[in-house]
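Asker: Next up is a structure, given as structure tokens.
The values are calculated or read from the model by the stated rules, or taken from the named source; none is laboratory data. Source: prediction; values computed, not measured. Cβ sites come from the backbone with ideal geometry, for glycine too, and all protein chains shown count toward neighbours.
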2 protein chains.
Amino acid sequence: MHVVDVIHAKRDSHRLTDEQIDWVIAAYTRGDVADEQMASLAMAILLNGMDAAEISRWTQAMIDSGEVLSLGDVGRPLVDKHSTGGVGDKITLPLAPLVAACGAAVPQLSGRGLGHTGGTLDKLESIPGWRASLSLEEIAAQLADIGAVICATTPTLAPADRKLYALRDVTGTVESIPLIASSIMSKKIAEGTSGLVLDVKVGSGAFMKSLDRARELAETMVAIGGGHGLATTALLTDMSVPLGRAVGNALEVAESVDVLRGGGPADVVDLTVALAREMLALAGITDVDPAKVLASGEAYPVWERMIAAQGGDPTAALPTAKHVENVVADRSGVIAGIDALGVGVAAWRLGAGRARKEDAVQAAAGALLLVDIGESVEAGQPLLELHTDTQDAVAGARAALEGALLITDEPAERAQLLIDAVRS
Amino acid sequence: MHVVDVIHAKRDSHRLTDEQIDWVIAAYTRGDVADEQMASLAMAILLNGMDAAEISRWTQAMIDSGEVLSLGDVGRPLVDKHSTGGVGDKITLPLAPLVAACGAAVPQLSGRGLGHTGGTLDKLESIPGWRASLSLEEIAAQLADIGAVICATTPTLAPADRKLYALRDVTGTVESIPLIASSIMSKKIAEGTSGLVLDVKVGSGAFMKSLDRARELAETMVAIGGGHGLATTALLTDMSVPLGRAVGNALEVAESVDVLRGGGPADVVDLTVALAREMLALAGITDVDPAKVLASGEAYPVWERMIAAQGGDPTAALPTAKHVENVVADRSGVIAGIDALGVGVAAWRLGAGRARKEDAVQAAAGALLLVDIGESVEAGQPLLELHTDTQDAVAGARAALEGALLITDEPAERAQLLIDAVRS
């Protein structure tokens, strides 16, 4: 088989055969297909698409490029969650302990952030002592004991995806539904979970800006799950405004702890409960109400044990920023919009995210919203706190927020958070 | 400027701006844009196209990546020819001395062959002693003295094109009219000629299999020439059958010498004269009939001087193959088809061409046709000689010829050689 023939096939809008897909993924993983050849193929896939059977096979070939985790019997049903990424999306932090408190086990293998959406591991690493890397044995033991693990994905899991994802990032080939769907699902299937709930974000702060594209992505992933024996549900949720009030690493940990103690912003609580409900349904646990468990604070001790098991001190003070300043209202009126992308880019520029993989993030940097949509404000009133260790970054953050906080004279309310569900 | 933004623009079917084109070509040439990024952009260009203004700017940016040759005043009008490549296409060999004999100067900077079409330099290197590399001063002196130079292109000429061409070859992005046209024209414009005649091939042995695509390529190149002040004419010519009887390096040199001495196959003579006529028209030489000059043998002494000036011995015996065997007619009838691609691939496999850039070619390998379309043959009659130094290669060559030599009971004649002309 020759890679140029495979590229020509997709370039000329033909289906790739099973043999072509298996070969090209394996050859790329071992380095026989060069980055420039895979980049050309990825662009041809982005522009000419793949059908459901091709996407399923592509996913399987990526799974087959590495190991499938075998966690063994941890004494509870395994169920996992994945978010396509959004601004202020700390839901994994309260969700994993909550679902564990309700009786399932959550093996949450996560990544670091790149661009304006934060990474779950970056957030947890703001907790003194916490470590992201666990062995397979440690993951299994922690699942059996506590029911929740949030840790770094292992290098042996779908290595083709790791390589391809890094390539797509620099070659303008990220926004392909077949490639996004197969990337996410290959890792989740290889992880060995038996149920998966997807939080597919739509809006300015999400990858998918339109509901049609988000729905297509959700349906594609649910279909891949079905074809691979993984019970999968997708929720379509709003990402036109940030989730909660906190955007940044330590800031989001603090807000998550509020939620785990029975408080916190309503949207974070609502989404955490909605996702928990779907996960418990896939796990076959129907006699527990996650809303009640969360409100009671019963999930908080699970969080403490989960953090402590990975070396973290859940009672330690979180880092605070050297420099904090306010963004104030330039007029009186009603908050009508808080643009997720603007706030996400501001937090990123303040140091919460990274521009390149090798960059470090600031634990304490980010943005803290002081108001919500629909609130009346006076001119000069603080709307948002900017937190950073590098004061020079503030100007760039303020520029990103230009027009992001909309004040009108009309009443306003938040967009609906839960838009729809896609079930297999 | 960021390369991913440039890729996104073309991926999303936007025009590239002048600034984007200038920047991406310059950054690719100096290595700041990686091969995988240019490969992705090339595929986006192939699938989404470029308009005339983008193609013109792309060509200029490739010219600007290197030097423009300045040959100075050689005492004659400079005019050049380029063929898009075909099987048995040795036309440059008789054409350059012929046009020189008619009073113009031909600076023919050529390449080596890759795939089933031979390279002009490979052919000439079958002449004992001949060398392809000349300095700019040697080229200018030889043009002033003899009027014809066929030599290797210099590394300083459009280096972006050299790099991009090698990349396209391995990434399935060769067959893009904007990229083919800008590649050819950037080199020819940088060469500093004042007139250019293009031989755009169409048919099984050519890059362009359909007349529509060949015409689009011809029109695109003529438009680029016009936009850059280079008088350009394109002939559309048939490449469904090989040109002449000889396909291979030394075999084609021998046939070219026959033509220069006033003999040779009619199609080679006709195409050489037609191209010479167009070149002389662009050079403003209207009082010489190249058909008469060629028939008289007056161009042959120019050939001898041209070869000798580059160290070659024009009177030396050409290499002959260690092994020659026949392909014979499997039935009696009339030769109705000689497929150019089949014969080209056979000659390639016999050793006349290379599969990879670093391969060597055999000087004596190739195929020699013994019959022409329309000729009656008897079963068992030899139709074609296979020449090679590696007898093992014969089976592969025979396989490539399967079905390539068509014998019918009906009368048959060659397709029209000269299909059309495109002039600015």
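Asker: Looking at the stretch B:34-48, is at least one residue within 15 Å of B:ILE224 (Cα to Cα), of a type outside the set (S, T, N, Q) and either within 14 Å of chain A (Cβ to nearest Cβ) or in contact (Cβ under 8 Å) with a residue 12 or more places away in the chain (or both)?
Answerer: no
Asker: Looking at B:GLY66, B:GLY49, B:GLY85, which one is in contact with a Ser or Thr (Cβ under 6 Å, 6 or more places away or on another chain), farther than 30 Å from B:GLU304 by Cα and not aliphatic (A, V, I, L, M)?
Answerer: None of the other options fit; the residue is B:GLY66.
Asker: Of all residues in the stretch A:146-160, which are under 18 Å from the mean Cα position of the chain (by Cα) and either at pLDDT 95 or above or hydroxyl-bearing (Ser, Thr, Tyr) (or both)?
Answerer: Correct list: A:ALA148, A:VAL149, A:ILE150, A:CYS151, A:THR153, A:THR154.
Asker: Is the stretch B:244-257 home to any residue that is buried (at least 22 other Cβ atoms within 10 Å of the Cβ), within 18 Å of the chain's Cα centre (by Cα), assigned to a loop (DSSP other than H, G, I, E, B) and of a type outside the set (Gly, Ala, Ser)? Step through it out loud before you land on a result.
Answerer: Of the stretch B:244-257, the ones buried (at least 22 other Cβ atoms within 10 Å of the Cβ) are B:244-253, B:255-256.
Still in the list and also within 18 Å of the chain's Cα centre (by Cα): B:244-253, B:255-256.
From the residues that got through so far, the ones that are assigned to a loop (DSSP other than H, G, I, E, B) too are B:244-245.
From the residues that got through so far, the ones that are of a type outside the set (Gly, Ala, Ser) too are B:245.
There is at least one residue in the stretch B:244-257 that is buried (at least 22 other Cβ atoms within 10 Å of the Cβ), within 18 Å of the chain's Cα centre (by Cα), assigned to a loop (DSSP other than H, G, I, E, B) and of a type outside the set (Gly, Ala, Ser).
Asker: Kindly provide the set of residues from the stretch B:258-283 that are crowded, with 21+ Cβ neighbours inside 10 Å and assigned to a loop (DSSP other than H, G, I, E, B), ordered by number.
Answerer: Residue satisfying the conditions is B:GLY264 alone.
Asker: Please find, among A:LEU136, A:LEU196, A:LEU157, A:LEU124, the residue that is surrounded by fewer than 18 Cβ atoms within 10 Å (Cβ to Cβ), over 29 Å from B:ASP5 (Cβ atoms) and not charged (D, E, K, R). Give the derivation first.
Answerer: Working: A:LEU196 fails: surrounded by fewer than 18 Cβ atoms within 10 Å (Cβ to Cβ); A:LEU157 fails: surrounded by fewer than 18 Cβ atoms within 10 Å (Cβ to Cβ); A:LEU124 fails: surrounded by fewer than 18 Cβ atoms within 10 Å (Cβ to Cβ).
So the residue among A:LEU136, A:LEU196, A:LEU157, A:LEU124 that is surrounded by fewer than 18 Cβ atoms within 10 Å (Cβ to Cβ), over 29 Å from B:ASP5 (Cβ atoms) and not charged (D, E, K, R) is A:LEU136.
Asker: Yes or no: A:VAL197 at negative phi, in the same structural domain as A:ASP161 (by TED's automatic domain parsing), modelled with pLDDT of 95 or more and assigned to a strand (DSSP E or B)?
Answerer: When the stated conditions are applied, A:VAL197 passes them.
Asker: Residues in the stretch A:167-178: is at least one closer than 20 Å to A:LEU41 by Cα, within 14 Å of chain B (Cβ to nearest Cβ), touching a Ser or Thr at 6+ places or on another chain (Cβ under 8 Å) and hydroxyl-bearing (Ser, Thr, Tyr)?
Answerer: yes
Asker: Moving to a separate point now. Which condition from (1) of a type outside the set (A, V, I, L, M); (2) at positive phi; (3) away from chain B (no Cβ under 14 Å) is the one that A:PRO77 breaks?
Answerer: Going through (1) of a type outside the set (A, V, I, L, M); (2) at positive phi; (3) away from chain B (no Cβ under 14 Å) one by one, A:PRO77 breaks only (2).
Asker: In this structure, does A:THR29 turn out to be among the hydroxyl-bearing types (Ser, Thr, Tyr), under 30 Å from the mean Cα position of the chain (by Cα) and away from chain B (no Cβ under 12 Å)?
Answerer: yes
Asker: Looking for something surrounded by fewer than 23 Cβ atoms within 10 Å (Cβ to Cβ), more than 15 Å from the chain's Cα centre (by Cα) and aliphatic (A, V, I, L, M) - is there at least one such residue anywhere in the stretch B:206-221?
Answerer: yes
Asker: In addition: Can you spot a residue in the stretch A:391-411 that is among the hydrophobic types (A, V, I, L, M, F, W, C), without any contact (Cβ under 8 Å) to a residue 60 or more places away in the chain and part of a loop (DSSP other than H, G, I, E, B)?
Answerer: no
Asker: Does B:VAL170 count as assigned to a helix (DSSP H, G or I) and crowded, with 24+ Cβ neighbours inside 10 Å?
Answerer: Considered against the rule, which asks whether it is assigned to a helix (DSSP H, G or I) and crowded, with 24+ Cβ neighbours inside 10 Å, B:VAL170 comes out as no.
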